[in-house]
Amino acid sequence: MRRLLVVLAVLISASLLMAHTLITTKITWSREVSRIVYKRCASCHHEGGSSFALVTYDQTRPWAEAIKEQVLSRRMPPWNAVKGFGDFKNDRGLTQEEIDIMASWVAGGAPEGNPAYLPALPDFRSEGAENRDPGSELTFSGTLLLKHPLEVIGIEPRQVPLAGVLQVIAQRPDGSVEPLIWIENFNPHYKGAYYFRNILPLPAGTKIEMSPPTGSAALMVKDSPEGVTK
């Protein structure tokens with residue numbers, strides 16, 4: 001009962017604050033912010049999802065300041081891969097432009113705008129299905145030498161050192177280097193595979209190097225990883 005009263009007090013306070021908030025931005029929930037939330041956040045934040053719902057203005061507005069803090073620190077949505085180090089088709093991380101829009105919206109009073117501009121709600125039944133690729137897994141730590149060519153479709157960190165940093169590259173026999181993934185400030189709320197936008201062909205003789213070597217990861221490959229030696 002006490003917890004319910006606290007929640008009600010927070011919501012009432014938020015409602016009073018909204019009624020007296022000075023609007024200083026043209027960015028609105030209906031036109032810009034909802035599209036970012038639907039694309040990046042709503043897969044978890046919807047009714048029946050893994051976290052509280054954020055698919056309507058009334059659901060989102062009380063959390064505006066907390067959302068701003070989370071997106072500025074890149075804690076939400078959880079996505080551990082450093083942008084620009086590997087190219088992933090299931091990238092959930094916000095772009096800098098999206099972060100700026102969200103922060104400016106909150107700083108400007110978080111206005112709702114005209115509901116006529118709202119996009120259609122996402123189809124949560126199919127969320128994530130398009131990102132699950134079939135294939136085999138090859139788990140490794142430290143250094144891995146390929147005896148046969150592989151077509152790599154993704155990578156999944158399995159053990160990230162306590163420092164929260166893990167970097168994996170592939171060095172081909174011709175000397176070219178392919179960045180696979182760089183985990184920084186590991187957030188345990190996201191654990192899953194990172195699927196490359198394009199299949200990476202790695203020839204025999206390619207050396208997969210992990211730093212620090214105490215971590216572990218799994219390569220997601222199209223074919224059975226036969227003939228691989230460490």
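The values are calculated or read from the model by the stated rules, or taken from the named source; none is laboratory data. Since we're looking at a predicted model, the values are computed, not measured. For neighbour counting, all protein chains shown are included, and Cβ atoms are generated from backbone atoms with ideal geometry for every residue, glycine included. In case anyone asks, the SASA skips ligands and DNA or RNA and just uses the protein heavy atoms, side chains included. Shrake-Rupley method; radii C 1.70, N 1.55, O 1.52, S 1.80 Å.
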inquiry  = For the structure I just gave you, tell me whether Asn114 is of a type in the set (S, T, N, Q), in contact with a helix residue (DSSP H, G or I) (Cβ under 9 Å, 6 or more places away or on another chain) and surrounded by fewer than 15 Cβ atoms within 10 Å (Cβ to Cβ).
reply    = yes
query = Across the range 34-54, what is the number of residues that are open to solvent by less than 20 Å² (accessible area, probe 1.4 Å) and under 19 Å from Pro78 (Cβ atoms)?
reply = 5
query = Going by the structure shown, is Glu69 open to solvent by 80 Å² or more (accessible area, probe 1.4 Å), touching a helix residue (DSSP H, G or I) at 6+ places or on another chain (Cβ under 8 Å), closer than 28 Å to Lys26 by Cα and modelled with pLDDT of 90 or more?
reply = no
request  = Would you check which residues across the range 157-171 are closer than 11 Å to Leu202 by Cβ and either surrounded by fewer than 17 Cβ atoms within 10 Å (Cβ to Cβ) or in contact with a His (Cβ under 7 Å, 6 or more places away or on another chain) (or both) and list them?
outcome  = Gln171
remark   = Exception for Arg158 within (1) charged (D, E, K, R); (2) at pLDDT below 95; (3) over 21 Å from the mean Cα position of the chain (by Cα) falls at (3)
